[in-house]
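The values are calculated or read from the model by the stated rules, or taken from the named source; none is laboratory data. Keep in mind the model is a prediction, meaning the values are calculated, not measured. Neighbour counts run over all protein chains shown; Cβ positions are idealised from the backbone, glycine included. Just the protein is used for accessible areas: all its heavy atoms, side chains included, with ligands, DNA and RNA removed. Shrake-Rupley method; radii C 1.70, N 1.55, O 1.52, S 1.80 Å.
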Amino acid sequence: MRSDGPSRGGFVQPAAVQPPRRVPLWRNPTARAVAFQAVAIAVLLVLAVYLVSTTIANLEQRGIRSGFDFLENEAGFRIGETLIPYSPSDSYARAFLVGLLNTIHVSALGIVLATIIGILVGIARLSRNWLIARLASAFVETVRNIPLLLQLFFWYAAITGLLPAVRDAVAVLPGIYLSKSGLMFPVVKLGNAFPFVAIALLLGIVAAFAFRTWAKRRQDRTGERTPVLLVGTGLIVGFPIVAWLVSGAPLELDVPEKGRFTYSGGSSVTPEFLALLLGLTIYTSGFIAEIVRSGILAVPWGQTEAARALGLRQGRILRLVVLPQALRVIVPPLTSQYLNLTKNSSLAVAIGYPDLVSVANTSLNQTGQAIECISIMMAIYLTLSLSTSAFMNWYNRRVALVER
Amino acid sequence: MRLTGLAVAAAALLGVSGPAMAGATLDAVKERGAVRCGVNSGLAGFSIADSQGRWTGLDVDVCRAIAAAVVEDAEKVEWVPLSAQQRFTALQSGEVDVLSRNTTWTLTRDASLGLHFTVITFYDGQGFMVPANLGVDSAKDLSGAEVCVQSGTTTELNLADYFRANGMEFKPVVFESFEESKTAFFNGRCQVYTTDRSGLASLRASDAPNPKDYVILPEAISKEPLGPAVRRGDDEWFSIVKWVIYATIEAEEYGVTQANVDELKANSENPVVQRLLGVSGEMGKLLGLDNEWAYRVIKQVGNYGEIYDRNVGPDTPIGLDRGMNDLWTRGGLMYAMPIR
């Protein structure tokens, strides 16, 4: 600490003559910050305790059952579509799991499809072809600016309104039927060969990746390119086929058969699932298209020119030069679109798809335990979102430009 | 809709309404000068708002009767339309004084939701409706069908129980809103629609493009006793709601109608009628009301038979016979505890 007075006009006094005066605690910025935060946390804790205790007291006073014991009770209701075996005699916990898996099912597919469509449309918006660019803009502006719920109603009404009743189902191809009850199609039953084929498929995928790494090294070394896509696809498809042939080529088709009301056998996609998937995919792809476009525009034009000067073709410029640099701009906002899509899937209740919210609503009504059911829902969506974020952040770090 | 549900749940969490104490509801209603009544947002015959915004229906008239007894005017009701999911939380949190929304009395609800059912105002059972051209005439033939159903009701559970008990398969398509579920059925998404049989009749009368194209199957697969419920912990209010409904049934039994109530009040020699209409005895005082409470109910709303006939009776589009809902003296289940 140095005062200005005495030093003016004279020479500067040595600074370290006096030991620095002790600053009182309330003037110490660090201590003050810690104190403020401690107070804030204390207030928050008191509020939380007050909230929880009031709630518990109110519930008890009114004779309302509380607690999570009900999760082990028999659920008793049926769920329209399930990815795992489920019957009404299973527990509420399992019913929640079925709902959760349905949510993940539609969200995961939606994310993949929305990304693909979004990237295509985003690139199309930048096309030099006037018609393609305008069509892409029209698509983006339309789907972004109509509320998702309305779009879901639209798709659901379109599917159930335009298609014939299930008794007059149209055969799109032999064995494939389309009606108000959805799309019914045959599935191949592999029987005993299933485990071998599944293992072979995994091996095929591993082999394809190994091949890609090898091809890359080879290109680095010799400059020669290998048809990675072709060989990779061959490996992924070929391995299971060989395994299937080796295990005796069992072939049994499970074809949908017309019953009194609907078709039985085979597999099916319900109109609820289809409408939800369509709605979520198209709505989100509009936003993703804009993110992709902004990402591409963020890469300086010089990069493209330089790549062109090297003699790369348009497709390669995009894939090898522009997109990798655009990704660092694209990935963070893309993550929030993925989160939005997952959360938006809860609108499924409106069109009858049994997602987590639908199952939780039914459970809530049967048990009357609103607080518990709603907290379970919130906890699950929070976990889903945080996991997606964590994954995307990891990916973002991986694609981030290494600054030199 | 879900947002409102959350808001209601949040209100319950925060304990906005404060604890319910004996007599608190009656005092609150009197101070407000109106009964706050939770009703269905749209079920013809039970609770529906007409084009002028006036609410009509059996459940609605129950609320009017309570208002006539307590605040002396049947029109002094604040209507709170509730979804199936919202209804119990709305009652628990004090959002409504009475829940009169075609709600089934079950053990779980009675014992674990912090509410008391008062009196059954409509005995019902769950049934099935199918398009006539399917050629189905029994619920036993429904194995393998797709069933449209609204979530948040006892219906889903009964449906699963019935098919399970009969070893039959089905696929539920569950909608959150009543509107979506019925649209899906009439669009042909499902072959079967299920809800209470009164609801099916109401639906067929008011929503089917051509009522003759749909049949209601004969089976009633469950017992659905419907009646208003009140919050636990306020016995005085519980008694009032209970006895207002009994008064309407008692009035029908002793032939007291909206038309002749004034004359009977002046001239009737029947001690039962005299006690009911407050000519003798102190019945109203015992409930914490005045002695003309039941007189006003009959004068302004009518007796149970009149309420029934006006809203769901054979001469209405709903067209339901009295059946189980007739007086016990005529072989039905309507039996009022004696007012004495």
Anyone know which of A:Pro250, A:Pro332, A:Pro88 comes out most mobile in the 10 Å Cα GNM of chain A?
-> A:Pro250
So, with a 1.4 angstrom probe, what is the percent of accessible area on chain B that is carbon and sulfur?
-> 52
For segment A:227-284, fraction of C-alpha pairs farther apart than 16 Å, in % | 71
Evaluate the Kirkwood expression for the hydrodynamic radius of segment B:25-182, namely the inverse of the mean inverse distance over all pairs of different C-alpha atoms, and round to one decimal in Å.
-> 17.5
Please determine, in degrees from 0 to 90 and to the nearest 10, the orientation of helix A:356-367 with respect to the longest principal axis defined by the Cα atoms of chain A, where the helix direction is its Cα long axis.
-> 90
Accessible area in square angstrom per residue, segment A:241-365, 1.4 angstrom probe | 41
How big is the B/A interface in buried accessible area, both sides summed, 1.4 Å probe, to the nearest 100 Å²?
-> 4100
Pop out a list of residues from segment A:238-264 that are at least 20 Å² less accessible with all the protein chains around than in their chain alone; 1.4 Å probe, no ligands or nucleic acids counted.
-> A:Arg260, A:Phe261, A:Thr262
Over the alpha-carbon set of chain B, divide Rg by the Kirkwood Rh and report the Rg/Rh ratio to two decimals.
-> 0.99
Isotropic mean projected area of the C-alpha convex hull, the protein assembly as shown (nm²) | 51.6
Per residue of A:360-373, other chain Cβ atoms within 10 Å number on average 6
Quick calc: nm separation of the 7 Å Cα→Cβ label points for B:Ser280 and A:Val231 -> 10.8
With the 1.4 Å probe rolled over protein heavy atoms, segment A:72-161 has an accessible area per residue in Å² of 49
0 to 90° range, to nearest 10: angle between helix A:271-297 axis and chain A longest Cα axis = 40
Alpha carbon centre of segment B:270-324 versus segment B:127-204: separation in Å?
-> 35
Whole-Å distance, taken between Cα centres, linking segment B:25-69 and segment A:110-138 = 54
Can you give the calculated 222 nm mean residue ellipticity of chain B, where each DSSP H run of n ≥ 4 adds -39,500 (n - 2.57) and the sum is split over every residue, rounded to the nearest 500 deg cm²/dmol?
-> -11000 deg cm²/dmol
Counting only heavy atoms of the protein chains, get the accessible area per residue of segment B:126-222 (1.4 Å probe) and round it to a whole Å² value.
-> 33
May I ask you to order A:384-395, A:61-72 by the average number of other C-beta atoms within 10 Å around their residues, highest value first?
-> A:61-72, A:384-395
Taking all protein chains as present, what is the carbon and sulfur share of the accessible area of chain A, in % to the nearest whole number, probe 1.4 Å?
-> 66
Please work through the protein assembly as shown and write down the cysteines that have no neighbouring cysteine Cβ at a distance under 4.7 Å.
-> A:Cys373
Alpha carbon convex hull of segment B:177-283, volume per residue in cubic angstrom | 180
Assuming R0 = 25 Å, can you tell me the calculated FRET efficiency for the pair B:Met337 and B:Asp27, based on Cβ-Cβ distance, to the nearest 0.05?
-> 0.50
Are there residues in segment B:93-131 whose accessible area shrinks by at least 50 Å² when all protein chains are included rather than the chain by itself, and which are they (probe 1.4 Å, ligands and nucleic acids not counted)?
-> B:Ser112
Equivalent-ellipsoid semi-axes of segment B:126-222, from the Cα gyration tensor, Å, largest first = 18, 15, 12
Using 7 Å Cα-to-Cβ label points, what is the B:Met168/A:Ala133 separation (nm, one decimal)?
-> 6.2
Let me know the volume per residue of the alpha-carbon convex hull for chain A, in Å³.
-> 319
Going by alpha carbons, how many degrees (0 to 90, nearest 10) lie between the helix axis of B:155-165 and the longest principal axis of chain B?
-> 50
Within a Gaussian network of chain A (alpha carbon springs, distance under 10 Å), most fluctuating of A:Val121, A:Val359, A:Val172 = A:Val172
Selection from A:Val357, A:Pro324, A:Phe70, by position along the positive dipole direction of chain A (Cβ) = A:Pro324
